[in-house]
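Novice: Have a look at this one before I ask anything.
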Amino acid sequence: MATEPQGNQGPPRFGPSDRLVAMFRACSGDPTQGVKERLRRMLHTFLQHNRDNAGNRKTKEMLDASAELCCCEAEIWYYRILENLISQEKRRLGVGDVSGFLENNLVQCCLVTCCLEITICSNHLPCDFPALLQIFNVAPYHFGTVIGLVLRAEVSLPCAVVRHLNQVHEKVLESLAWTSDSPLWEEIRANEGHLPTCQQVIPPTQLEDPKRTAFEPDGDLPGEDVSQGADSTSIGQPQRSSSLHLFTRKVYSLMGKRLRELCPTLRISDELRLKIWTCFEHSLVHFISLMVDRHLDQLLMCAIYIIAKITKMEIPFKHIMKCYKSQPRANKSVCKNVLISGSDVDSSTEKSNNGEHSDIILTPSTPSTHYPGPRQEQRGNLIYFYNQVYTTKMQHFAKQFAPTSGGETPPLSPYPRQWKASPRGHRLSNSHSIFISPYNPEPTPPPTTGLCYYFNSSPSERLREINNMIKTGRSPNRQGHVASLAKEGEDGPSAKRLRLNDQSAWQRRLRNVVNDRVTRQIQGKESPVTQLNQH
């Protein structure tokens, strides 16, 4: 690999590896120069932005050094991730020419941006997300798709970075992808103005079966989609794997988890939970304009309140908001700062054939006949939004769940199964077949031809052998090596040693090389990044 030392072969290389260059040359048109120029141009833009926004001279010098370090590391990450993604794409498609992927400027720009986000997180540079997207004019919706690519690339990202990318992806799913200028609305318009239903995007095996009490892994955690790719760039993708369908799938998985987490505190039964979920899904599928410039959690809390109220199991709105705010990643502004009016989407409704209020397939580009000129936004708290906006669209549907409605109750929507971490292996090194997985799901290690280590059963000698392999970089004597971490909270000193070796083997070398390079640049020998205008 270009960015990982192979044993004692020396420091990581800058630029594409020989293997990656060979992949470039196997394409119908050699994309090498285009890839290099795009990367150099974007890194230069990032450096210039940091210089323009620096404060005093001392702060400027510190930011310059940190930004240079981030750019050097981002270059290494970019080529390393790109090489792995191309290899995966070639294996999946069975072709050698991946020109479409490499020449897709949107995907490649998002990939470079993601690599910079990785290094900003690692070096604690004051450039919080989504500021980086604004620098490169990258839409959060597109960026979220590429996060899934990066996390499936198997490049041994630090645990803190993986957590950060997962949190970034959740922000995209819950609000950033729903802004009025988002490309998401173009895809919704192409889907007849509706979001797909839960059943259309999640396989039956990953939907909750009401007849069973045990829950199985969902297998598709937001931000950790290592089984799906950047789906709009692949060839021959079925409709079910379109970017809109994959995005919607992750939305439903995320919100299914959030509703389930709220249920115990709010004392919501399984029966009531399914009715709330059906109402929530209905709002996304049939009244998608409710999400323009808003947050998914806002619609979820409104669904909880309206269904509980109509089914005579009233839960005070203040209690719902208090419960929501107690969640680890809750955003308090979700309850206090809600768009009431002034969005680019007109709030008018019409009667459909069955008498139900529905959208006129409105999206942010639909011209408004009621407000021909610019409008000022009106914002308020969540309760005001519920009374003024939400009930005007959702009350008719929700009333069908009333015990005294006299009509036929709407069928309950399928619910994503409960999340559970799957024992997915994580490769430590491309030079050795050594993996880490969350835990051993079996009471004892299964038979294997390779060397396995499980913290709940294996002798310590095996762990020392694996650690020594990582430390010395020597070739493995067996076909495969698997290390399996204990569950969170149960890992002891041995687990900590293995995790330290996971990162120290190549990252210490990487940091030393990058620091030396930055030092030379500060002393007057500038990098190609800063010489963009001279080439």
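Novice: Of the cross-linked pairs 309/332; 312/399; 171/257; 171/325, which ones have a Cα-Cα span greater than 19 Å in the structure shown?
Specialist: 309/332
Novice: Tell me, 401, 280 in order of fewest to most beta-carbon neighbours within 10 Å?
Specialist: With the sparsest Cβ surroundings first, the list reads 401, 280.
Novice: How do 67-76, 316-325, 402-411 rank on mean C-beta neighbours within 10 Å, highest first?
Specialist: Numbers: 67-76: 24.4, 316-325: 16.6, 402-411: 9.7.
The densest-packed peptide leads the list: 67-76, 316-325, 402-411.
Novice: Next up: Between rounded, prolate and oblate, where does the range 18-179 land on the alpha carbon gyration tensor, with a ≥ b ≥ c its root eigenvalues, rounded for a/c under 1.5, else prolate if a/b exceeds b/c?
Specialist: prolate
Quick note: the coordinates plus some simple rules give every number you see, no bench work behind them. Everything numeric here is computed off the predicted structure, so don't read it as measured data. Glycine gets a Cβ as well: all are built from the backbone with ideal geometry, and neighbour counts include every protein chain shown.
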